[in-house]
Amino acid sequence: MQEDLQRAVPPTDESPAVVAPPPDYLATEEPVDDGTNPFIGRFGLRAGWGIALFFLIFTILSFALLVAIRAAEGKSIMPKSSKSASSQSKPPVQAGDVGARNAVLEDGSNFIAVALAGWILSRIERRRFRVYGIGRNRLRDFLPGAFWGLALLSMLVGTLRATHVLVFDGRALTGPAIFVFGAKWLVAFLCVGLFEESLTRGYLQYSLSRGLYGLGRRISPNHARAVSFWIAAIFMSCLFGAGHLLNPGESAPGIAAVFLAGMVFSYALWHTGSLWWAIGFHMAWDWAQSFLYGVPDSGFLSAGRLFHTHPTGNPLLSGGTAGPEGSVFVLPTLVLVMVIVRFTTPAGAQPELEPLPKSHKLPPEPNAVIA
C-alpha cells in the first residue's frame, strides 16, 4: 500500500521551504529601558541628549556659515553704528519690505546647518537619515504639495477679494521683471520651506516623539507611537508659532493660524512619512502670498511683488497687517488641507524608532540573488 502511494505521487526536485530568521533590522522585540544608564535608553541615545547635541551643532554650523557669507560679501557680522549705517546704506524699496536675496542666504544657510546637524546625529545614533522625513518620496510628495499650496492660497485670496476685505491697487511689475522677481522669490521660498519644515518637523519632531514614547505607553498602550507623535507635534507647532512672534505686522490670529498650520503639516508628515508634501505646500503658499498676489506673509511684505494690495474692513476678516493668514477664512482652508492630504496622498510607512545595531546589514535590494 505504501509503495502504491509513493508511485502515485510524482517525485519533485523542490526541497522543503526553510524559513530563515528575520534579519536584525526587522526585529520586533520590544527594547527595554531599565533607567540605569543616563545616556542610553530604550531607543539608543536618549532624546534629551540628542536634542541638546542637535542645537549645539546647529548653532555652531549656522554661525560658521554666517561668518563665511559675511566674509564673502566683505561685511562684518556685528551691526554697524546707526551713524555709519545711515550714511552708507541705500534706502529700501519700500519700508518694511524684505528681499529675496536675504531670504535665500539666511534660510538657505540655516537649512544646510539643520541638514548637516541631522546627518551628524544620524551617524552618532546609527539611524538612517531618511527617518527624519527628508530622504523619501521627494518629487512624489513635493509636486502635489506645491500645486495645492498655490491653489488653496489663490482660493483664500479670491474669498477675501469677493468679500471686499482685500483691495488690489494695481500691478507693481511689468515686462521681464515679472519673471526675474518671480524666479527669485520661488528659490527664496523653497529655502524657507526646506529650513522651517526640516527644523520643526525633522530631527526634533522625531527625537521628541521617541523621547515621549514612554508617556505615550502610559496614556494609551496600544497607540503609544501616535500619542507621542502628536504630543511632540503640539510642542513643535508652538515653537513654529513662536518663531513668528517678532514679525512686524503679525497679529494674535495670525500666530494662532501659524500654530494650526504647523499641526496640519505634522498631519502631512504622519500620513505620508515624509516632509516633502509640506515643503512643497509651504513654498507655493508663501510664494503666492508674497510675490503673486502681493499680500503680507505673516506680517512681511516682499520687495518685488507683482501687485500692490491693501486690506480693508474688519481685520478678523481681512487679516489686517498679518495678511490672509490672520483672517478667519484661513480656518476652513486649513481643514480643507487636511482633507486633501488624507484623500489625495498615499500613506507612507512610519520611520523606525530603534537605532541600527552596530553590526547591522542593510535590507537586500529587490530582485537580488542571495547566495
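The values are calculated or read from the model by the stated rules, or taken from the named source; none is laboratory data. Remember, predicted model here, so these are calculated numbers, not experimental data. Here the Cβ positions follow ideal geometry from the backbone for every residue, glycine too, while neighbour counts run over all protein chains shown. To get the accessible areas, we keep the full protein, side chains included, count just its heavy atoms, and leave off ligands, DNA and RNA. Shrake-Rupley method; radii C 1.70, N 1.55, O 1.52, S 1.80 Å.
Some points to look at:
One line per residue, one yes/no per condition, for (1) more than 25 Å from Ile231 (Cβ to Cβ); (2) modelled with pLDDT under 95:
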residue	(1), (2)
Ile279	no, no
Thr321	yes, yes
Pro332	yes, no
Gln350	no, yes
Pro357	yes, yes
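- Filter result for Pro355 (touching an Asp or Glu at 6+ places or on another chain (Cβ under 6 Å), surrounded by fewer than 22 Cβ atoms within 10 Å (Cβ to Cβ) and not aliphatic (A, V, I, L, M)): yes
- Any hit, the range 102-125, residues being closer than 27 Å to Asp297 by Cα, open to solvent by 40 Å² or more (accessible area, probe 1.4 Å) and either basic (Lys, Arg) or modelled with pLDDT under 90 (or both): yes
- Flag for Leu194 being assigned to a helix (DSSP H, G or I) and either in contact with a His (Cβ under 7 Å, 6 or more places away or on another chain) or open to solvent by 50 Å² or more (accessible area, probe 1.4 Å) (or both): no
- Matching residues in the range 200-252 - criterion: being of a type in the set (A, V, I, L, M) and closer than 23 Å to Arg128 by Cβ: Leu204, Leu208, Leu212, Ala224, Ala226, Ala232, Ala233, Met236
- Matching residues in the range 301-315 - criterion: being among the hydroxyl-bearing types (Ser, Thr, Tyr) and surrounded by fewer than 23 Cβ atoms within 10 Å (Cβ to Cβ): Thr309, Thr312
- The range 126-171, residues that are open to solvent by 40 Å² or more (accessible area, probe 1.4 Å), assigned to a loop (DSSP other than H, G, I, E, B) and touching a strand residue (DSSP E or B) at 6+ places or on another chain (Cβ under 9 Å): Arg126
- Number of the condition not met by Ser298 [criteria: (1) at pLDDT below 95; (2) in contact with a Ser or Thr (Cβ under 7 Å, 6 or more places away or on another chain); (3) open to solvent by less than 20 Å² (accessible area, probe 1.4 Å)]: (2)
- Residues of the range 105-125 satisfying the condition of being in a helix (DSSP H, G or I) and within 18 Å of Ile40 (Cα to Cα): Ile120, Leu121, Ser122, Arg123, Ile124
- If you go through the range 54-67 and pick out every residue that is of a type outside the set (Val, Ile, Thr) and either outside any helix (DSSP H, G or I) or open to solvent by less than 60 Å² (accessible area, probe 1.4 Å) (or both), you end up with 6.
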